[in-house]
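Read-outs throughout are calculated quantities, based only on the coordinates presented, and are distinct from any laboratory measurement. This one's a predicted model, so the numbers in the text were calculated from it and none came from an experiment. Counting neighbours? That spans all protein chains shown, and the Cβs are built from the backbone with ideal geometry, glycine included.
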Amino acid sequence: MSDDAIVRIEGVTKTFAGNVTVVDRVDLRVGRGEFFALLGPSGCGKTTLLRMIAGFELPTDGRIVIDGEDMSTTPPNQRPINMVFQSYAVFPHMTVAKNVAYGLKVEGVAEAEIGPRVEEVLNLVKLKGYGARLPNQLSGGQRQRVALARALVKRPKVLLLDEPLSALDAKLREAMQLELVRLQHAVGITFIIVTHDQKEALSMADRIAVMESGKIRQLDTPERLYEYPSNRFVADFIGKMNLFEGKVVTREGARLLVDVTGLGRISVPHEDDIAVSIGVAVRPEKISLYRARPADSAITLQGIVTNLAYLGESLQIFLETESGNQLIISQTNVSRSGSGAPRKGENLWCSWQAADTLLLQD
Amino acid sequence: MESWRRSPKTFLALGLPPTAWLLLFFLIPIGIVWAFSFGEKVGIVDIDITGTFANYDRAFEAVYLQIMVKSLIMAGLTTLVCIAVGFPVAFLITFAPARWKPWLLLLIILPFWTNLLIRTYAMIAVLRTNNGFLNMGLEAIWDAADAVTGLFGLAALGAFQPWDILYSDAAVLIGMVYVFLPFAVLPLYSTLERLDTNFLEASLDLGAGHLKTFFSIVVPLAGPGIASAVIITFIPALGSFLQPDLLGGTDSQLIANVIERQFLSANDWPFGGALSFLLMYITFIAIAARAFLTRPNERRGSLPA
Ligand SMILES: Nc1ncnc2c1ncn2[C@@H]1O[C@H](COP(=O)(O)OP(=O)(O)OP(=O)(O)O)[C@@H](O)[C@H]1O
Ligand SMILES: [Mg+2]
């Protein structure tokens with residue numbers, strides 16, 4: 001079966017001693033040249049899955065196929081894959097250049113070729129002129145670039161990155177996110193990155209697999225994950241979400257009539273079949289606020305502002321409805337004066353379009 | 001530490017006894033020996049401290065110099081073997097399953113529970129020519145080999161000739177390695193324990209084999225631990241006298257045996273003192289060399305020992 005998948009993971013399970021299943025029948029395909037992210041809360045098995053792809057852990061069950069070849073049990077030094085470790089693991093007793101050259105030396109690349117290739121990759125990660133330095137003479141960000149250069153110089157088919165940015169400060173982390181995307185475009189290598197930071201995954205990846213307790217809960221593009229989460233976990237994990245409990249009353253063609261606690265009956269467009277007990281969700285920025293009852297909107301609620309959180313580019317408004325539901329509403333701070341912004345204790349109307357409402361099962 | 005300075009009375013109360021102990025039973029005796037080394041023997045028990053360097057001159061006579069060099073070589077060889085054997089042992093314990101580790105470490109320190117003299121005597125039982133365990137083992141292998149060659153119709157190997165290893169330098173070396181091996185394993189283990197396994201995985205990930213990883217990554221990063229192990233093995237090995245005494249031949253004596261003889265049978269304390277201090281100076285040089293060698297390593301970020 002030849003296709004464009006560079007990594008194919010088929011029913012991979014990892015059970016550690018003591019019968020803890022950390023990765024549970026995971027199936028996924030990573031396309032050639034794709035920037036792929038594994039996203040999930042701490043302890044969900046992201047690192048374990050990545051280490052199985054790298055060859056540091058053997059799957060208890062299932063297959064790992066790399067570029068059409070079953071490599072489930074191939075040792076790490078024989079896989080066309082390189083890894084950037086969370087701790088970087090830059091060899092402290094070798095200079096930057098020696099660190100980068102290490103992988104080429106053990107591969108038996110001719111001495112004359114090593115020099116230029118090391119130079120080239122150091123240029124690529126913007127470390128030109130740092131070759132003679134020792135790792136402890138570098139900043140955290142620079143050490144990370146060395147780890148990156150050391151892996152890239154091997155020209156792997158797949159580059160694995162385990163939380164590569166988690167040790168950097170917020171500003172540098174954002175810069176490196178762009179940098180990694182630029183690099184990935186420049187070298188055309190498939191990147192698989194592990195992160196628990198949803199913003200990081202959303203901003204960098206072409207596709208994201210969201211994991212929970214060893215299982216993939218949704219695999220999609222960033223836009224689809226955010227706008228069309230397929231279950232409560234993903235909806236809640238990615239971004240902020242207002243969630244109500246509801247029951248499906250009846251189907252009306254392409255729409256469902258849903259009875260929502262504290263909202264009443266609403267009609268929501270939904271083609272697929274769904275369970276009876278469901279979650280009804282809407283993103284904070286999809287909700288508009290009014291001082292008077294809006295005329296036409298589909299879903300309307302009244303409530304009191306209980307709290308405000310100023311986030312710089314946006315304002316988060318916490319609204320408590322008469323029925324006791326808590327809502328978060330996000331408003332972009334489009335003007336500097338902030339005049340007309342909601343005040344604490346104010347009684348406001350909010351509304352959103354039925355089309356922006358999500359119905360979630362499990 | 002700060003609080004200690006603020007309550008000097010407690011500090012004094014706790015610090016005085018050990019200080020007095022060290023002064024009385026270590027520094028003063030060593031000072032006396034040092035003074036004796038510049039003295040002359042005038043009677044059976046009387047020593048005149050005349051400030052002479054004659055004892056040191058004598059220490060540099062060819063016979064003693066030869067023994068000193070031989071002692072350095074034996075201690076060096078012991079250290080070399082202990083490191084070469086101890087490193088893989090420490091490495092294996094480090095990467096053994098967690099629940100095995102305490103037991104494996106226990107095996108390493110188990111010999112300390114038995115008196116050194118008894119352990120050294122035990123080596124006699126192992127190494128001796130008649131009914132020694134080593135020779136019994138070798139004989140069994142020999143007989144088995146003989147049987148096999150007989151099976152294939154080859155010429156018989158002949159009667160087994162036992163190995164006369166006891167009372168030789170080789171036996172002394174075996175005895176010393178046997179005694180000092182735990183000293184080498186423990187500091188190596190404590191360094192390897194703290195080695196970040198990501199370094200090893202990174203090396204494998206970059207395509208290196210296990211052997212390459214071991215020599216290019218593990219050994220350099222364990223540098224300070226190796227230095228500690230070398231010092232902690234070499235210094236006592238240089239002062240060992242029991243193994244040459246019990247396992248060595250007449251020509252196997254080392255510098256510590258010469259020193260022992262000066263104080264006990266020869267009753268020449270000034271000469272014994274001079275030899276003792278020369279040995280101590282060599283030890284200082286070794287420690288200084290270790291400090292000098294490991295400093296650049298620590299700067300480079302490898303692990304402290
Ligand atoms: N060698 C091991 N033996 C037993 N359990 C392990 C082992 N390695 C990991 N685990 C467990 O497997 C689970 C998943 O670990 P993993 O490192 O894959 O999580 P993660 O998703 O990378 O989390 P984080 O975001 O915190 O790094 C954890 O509960 C962890 O305790
Ligand atoms: Mg992890």
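Chain B: longest stretch without exposed trypsin sites (Lys or Arg not before Pro) (DSSP loop, at most 16 other Cβ within 10 Å), sites themselves excluded?
Values: sites that count: B:99, B:194.
So the longest stretch without any such site is B:195-305.
Put simply, when A:272-282, A:237-247 are sorted by average Cβ atoms within 10 angstrom per residue, most first, you get A:237-247, A:272-282.
Which entries of A:126/A:171; A:199/A:247; A:247/A:286; A:46/A:199; A:126/A:157; A:46/A:126 show an alpha-carbon separation above 27 angstrom in the structure shown? Can you show the working numbers first?
On the way: A:126/A:171 18 Å; A:199/A:247 32 Å; A:247/A:286 22 Å; A:46/A:199 17 Å; A:126/A:157 22 Å; A:46/A:126 29 Å.
Table pairs above 27 Å Cα-Cα are A:199/A:247; A:46/A:126.
Under the classification rounded if a/c is under 1.5, otherwise prolate if a/b is larger than b/c and oblate if not, where does chain B fall, given a ≥ b ≥ c as square roots of the Cα gyration tensor eigenvalues?
Working: a/c = 2.15, a/b = 1.17, b/c = 1.84.
Here chain B falls in the oblate category.
Quick check: net charge around residue A:21, other residues with Cβ under 15 Å of its Cβ, Lys/Arg +1 and Asp/Glu -1? Could the numbers behind the result be given before it?
Values: positive: A:14, A:25, A:46, A:215; negative: A:24, A:57, A:61, A:212.
Taking every other residue near residue A:21 into account, the sum is 0.
Please give the average number of partner chain Cβ atoms lying within 10 Å of the Cβ of each residue in A:83-91, rounded to a whole number. Numbers along the way, then the final one.
On the way: counts 6, 2, 6, 1, 4, 2, 10, 4, 11.
Mean number of neighbouring Cβ atoms from other chains: 5.
Computed as a quarter of the hull surface, the mean projected area of the alpha carbon convex hull for the stretch A:5-231 stands at 12.6 nm². By the Cα gyration tensor, the protein assembly as shown has an equivalent ellipsoid whose semi-axes, rounded to whole angstrom, run 72, 33, 24 from largest to smallest. Is the C-alpha gyration tensor of the stretch A:240-360 telling us rounded, prolate or oblate? Criteria: a/c under 1.5 is rounded; beyond that, a/b larger than b/c is prolate, otherwise oblate. It comes out prolate by the Cα gyration axes.
This ranking places B:293, B:206, B:200 by how few other beta-carbon atoms lie within 10 Å of each, fewest first, which gives B:293, B:200, B:206.
Over chain B, DSSP H runs of length four or greater, each weighted -39,500 (n - 2.57), average out per residue to a 222 nm ellipticity of -22000 deg cm²/dmol.
Straight-distance candidates among the lysines for linking to residue A:128, with alpha-carbon spacing under 21 Å and chain neighbours fewer than 8 residues away dropped: A:98, A:105, A:154.
Between residue A:323 and residue A:42, the simple label model (points 7 Å from Cα in the Cβ direction) yields a spacing of 3.6 nm. The distance from the alpha carbon centre of the stretch A:62-111 to that of the stretch B:212-234 is 24 Å, rounded to a whole number.
If you find the alpha carbon centre of the stretch A:183-240 and of the stretch B:39-118, how far apart are they in angstrom? Here the two parts' Cα centres lie 62 Å apart. Spin-label pair residue A:78-residue A:353: with each label point 7 Å from Cα along the Cα-Cβ axis, the two points sit 5.7 nm from one another.
Counting only helical runs of four or more DSSP H residues, what would the 222 nm mean residue ellipticity of chain A come to if each run contributes -39,500 (n - 2.57) and the total is spread over all its residues?
Details: 8 runs with 85 residues, N = 362.
One gets -7000 deg cm²/dmol as the mean residue ellipticity at 222 nm.
For the stretch B:46-130, the Kirkwood radius over C-alpha pairs fed into Stokes-Einstein at 10 °C and 1.306 mPa s yields D = 91 µm² per second.
Taking the stretch B:152-191 and a reference point 7 angstrom along Cα→Cβ of residue B:136, the backbone N atoms nearer than 16 Å belong to B:162-163.
Rounded, prolate or oblate: which fits the stretch A:46-115 when a ≥ b ≥ c are the square roots of the eigenvalues of the alpha-carbon gyration tensor, with rounded for a/c under 1.5 and prolate only if a/b beats b/c? The shape class here is oblate.
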